[in-house]
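No value in this document is a laboratory result; all are computed from the given coordinates. Please read all numbers here as calculations on a predicted model, not as lab measurements. Cβ placement follows ideal geometry from the backbone for every residue including glycine, while neighbour counts extend to all protein chains displayed.
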Amino acid sequence: MKKILGAISPSGWQSISRLGIALAVAFLLGLMFGRVALALAITFGIYSLVQLWNVLRVEYWLRYRRVEAPPDISGVWGEVVTIISRIYRRKQFHRARVRELLREFRRLTAAMPEGAVLLGPEHEILWFNAHAGEWLGLRRKRDVGIRIENLVRHPTFVEYLRSGHPSEGAIVQDLETDRWLAFNLVRTGTTERQLLMIRDVSQEQQLQSMRKDFVANASHELRSPLTVISGYLDALAEDGNMDPAWNTPVQEMRRQAERMRTIIKDLLELSKLESGEHTQDDQPVDMAGMLTLLRKEVMALEQHPRDVRLQLESNALLKGVESELHSVASNLISNAVKYTPPDGEIELRWWTDESGAHLSVRDTGIGIAEEHIPRLTERFYRVDPGRARSMGGSGLGLAIVKHALQRHDATLEIKSKEGAGSTFTCHFPSDRVVQRSTGALATA
Ligand code: ADP
């Protein structure tokens, strides 16, 4: 009871005391005229009418509070009007702030050089900014709520959305506008919403293709003069009348010309792989047969490691482009031969399991220090440039391997220890494996 009385506001007490005084006056007047009940009833009636009037004024004001000033009422109703006014003003202030923030957000996203699309759990479009709208041809009224795959149907993009690997991103060319767009999905915290960021990478793509064209053209143009130089050097080497003092320089020139030929051949091969052109269709390739032949070629070399073993654990075929797969295997094998001393060993292994097919080339050669491993597939990256050059390598072998494997959805795993040898393993996905029902397995 004490608690309730303590909670009554001063204006509450004012109303209570007013009612008390009115009832007391009515009681006294009633006593004077001998009609107490009537006097009290009339007082209650008037009191109820005043309350009803106040309620009606408050209700009217609440309905039209945007235009009407708050009614001037004293007592409890006055307090109620003050509290409602305060809540209303606060709400209006927050609404204005949210509206201002929203306007600011729209201005910022419109000024952003990237496109942005907010996607729901089913990839339905919830919101997009001006660049995204322009690049993807989206219209707010028509396309909000529609799944983005139904509007942007490029296979690479659709595959990327469904892949569940948002970190990888996807680059797609819009064939209508020739514009190159890079897509990246960003998960927004714990919600199922995702933000699709889009960048216009046309300029970068153009520069990259100019670079590739330049390398391809320059390599192509260098081929003919080099053939002429090599021809004359061969003729000089065979010329019996030549001053013997020239023998060594001519031999060295022939060696260097041969190196240049290898570099040009590898550069052309790499630019063909990079161009993404699929000149040939995928065919089932007999990898076991290919490894057997490559081993024979190694054994026929003047210098080769003592033991070159063949471990063929599967006779499965591999769907792919034969020339590219041959390039993978021969580059890995020729590296193993180059970097393994004659008393070392090489093992070529081909096997399949539930994860797919695998090809590994293991050697007991010089090995590679750990810090070099992540950079080995970069163009012209060599652990020991002097040694690699003297071996006649172009520095492009592993770059070619990486690109050729990428075109076969495969990955390259490199394990190595300095001084203890290296293992290069190619992992191919299971959908590229074609099982053969017959055929004996071979080992050598
Ligand atoms: P290169 O033509 O110089 O061999 P690659 O791209 O084939 O170029 O190889 C890059 C570098 O990786 C080589 O220079 C060499 O240092 C290192 N490397 C490649 N394979 C092996 C291997 N089997 N053993 C040791 N080092 C290797």
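Would you work out the relative contact order for segment 336-444, in percent, from Cα pairs under 8 angstrom that are 6 or more residues apart? Walk me through the numbers on the way to the answer.
Values: 175 pairs, mean separation 33.5, N = 109.
With pairs under 8 Å counted, the relative contact order is 31 percent.
Residue-wise, which Karplus ³J(HN,Hα) couplings in Hz belong to segment 298-315, taking 6.51 cos²θ - 1.76 cosθ + 1.60, θ = phi - 60°, and x for glycine or proline?
Along segment 298-315, the couplings run 5, 5, 7, 5, 4, 10, 8, x, 3, 10, 10, 8, 10, 10, 9, 9, 8, 9 Hz.
Out of 49, 26, 11, whose Cα points farthest toward the positive end of the dipole of segment 9-90 (charges: +1 Lys, Arg; -1 Asp, Glu; placed on Cβ)?
11
Nearest 0.05, what FRET efficiency do residue 144 and residue 418 give at R0 = 41 Å with Cβ-Cβ as r?
Working: r = 59 Å, r/R0 = 1.43.
Computed FRET efficiency for residue 144 and residue 418: 0.10.
Using a Förster radius of 45 Å, what is the FRET efficiency between residue 91 and residue 35 based on their Cβ-Cβ separation? Nearest 0.05, please.
0.30
In Å and on Cα atoms, what radius of gyration and Dmax does segment 291-389 show?
So, for segment 291-389, Rg and Dmax equal 14.4, 42 Å respectively.
Tell me the label-point distance for the pair residue 206, residue 259, using the 7 Å Cα-to-Cβ offset, in nm and rounded to one decimal.
Roughly 3.9 nm, to one decimal.
For the residues 94, 154, what sequence is obtained by ranking on other C-beta atoms within 10 Å, fewest first? If you can, show how the numbers build up before the last one.
On the way: 94 10, 154 16.
Lowest to highest Cβ neighbour count: 94, 154.
By count of other Cβ within 10 Å, fewest leading, how are 165, 123 ordered?
Going from least to most buried by this count: 165, 123.
Helix 36-63 versus the longest principal axis of the chain: what is the Cα-based angle in degrees, 0 to 90, to the nearest 10?
Tilt of helix 36-63: around 30 degrees.
Would you kindly derive the ³J(HN,Hα) couplings of segment 203-218 from the backbone phi angles with the Karplus curve 6.51 cos²θ - 1.76 cosθ + 1.60 (θ = phi - 60°), listing them in order in whole Hz, with x for Gly and Pro?
Ordered by residue, 3J(HN,Hα) equals 5, 4, 5, 5, 4, 5, 6, 5, 5, 5, 4, 4, 4, 5, 5, 4 Hz.
What does the C-alpha gyration tensor say about the overall shape of segment 112-200? Classify as rounded when a/c is under 1.5, otherwise prolate if a/b is larger than b/c, or oblate.
rounded
Using θ = phi - 60° and the Karplus curve 6.51 cos²θ - 1.76 cosθ + 1.60, what whole-Hz ³J(HN,Hα) does each residue of segment 402-416 get, with Gly and Pro shown as x?
4, 5, 5, 5, 4, 5, 10, 6, 10, 10, 10, 10, 10, 10, 7
When you have a sec, figure out the Kirkwood radius of the chain from all distinct Cα pair distances and drop it here in Å to one decimal?
Over the chain, the inverse of the mean reciprocal pair distance is 30.4 Å.
I'd like the distance between the alpha-carbon centres of segment 398-440 and segment 219-279, rounded to an integer number of Å.
Comparing the Cα centres of segment 398-440 and segment 219-279, I get a distance of 31 Å.
Per residue Cα convex hull volume for segment 9-90, in cubic angstrom?
In segment 9-90, the Cα hull volume divided by residue count equals 77 Å³.
Taking 51 Å as R0, compute the FRET efficiency from the Cβ-Cβ separation of residue 7 and residue 103 and round it to 0.05.
0.75
For the chain, set up a Gaussian network in which alpha carbons nearer than 10 Å are linked by springs, and say which option among 423, 248, 43 fluctuates the most.
The residue that fluctuates most here is 43.
Please list, in chain and number order, the residues 5+ apart from residue 309 or on another chain whose amide H is under 5 Å from its amide H, with Hs placed from the backbone.
For residue 309, whose amide H was placed from the backbone, the distant partners under 5 Å are 346, 347, 348.
Can you list the aspartates and glutamates whose alpha carbon is less than 18 Å from that of residue 141, not counting same-chain residues fewer than 8 positions off?
Partners found: 124, 149.
Want the number for residue 28 to residue 296: 0.36 nm per residue separation, take away the alpha-carbon distance, what's left?
On the way: separation 268, 0.36 × 268 = 96.48 nm, distance 12.99 nm.
Once the chain is fully extended between residue 28 and residue 296, it gains 83.5 nm.
Could you check which residue among 384, 174, 72 shows the biggest mean-square fluctuation in a GNM of the chain with a 10 Å Cα cutoff?
Of 384, 174, 72, the Gaussian network model singles out 72 as fluctuating most.
Which links in 265/402; 212/338; 212/417; 272/415; 319/402 stretch past 26 Å when you go from one Cα to the other?
Details: 265/402 17 Å; 212/338 29 Å; 212/417 34 Å; 272/415 28 Å; 319/402 17 Å.
Correct reply: 212/338; 212/417; 272/415.
Could you check which residue among 164, 145, 75 shows the biggest mean-square fluctuation in a GNM of the chain with a 10 Å Cα cutoff?
Taking springs between Cα atoms under 10 Å, the residue moving most is 75.
Can you tell me the length gained on complete extension of the stretch residue 84 to residue 378, counting 0.36 nm per residue apart and subtracting the Cα distance?
98.8 nm
Using alpha carbons only, what's the Rg to Rh ratio of segment 205-275 with Rh from Kirkwood?
Here Rg/Rh amounts to 1.18.
Between residue 64 and residue 18, how many nm apart are label points set 7 Å from Cα along the C-beta direction?
Using points 7 Å along Cα→Cβ, the separation is 2.3 nm.
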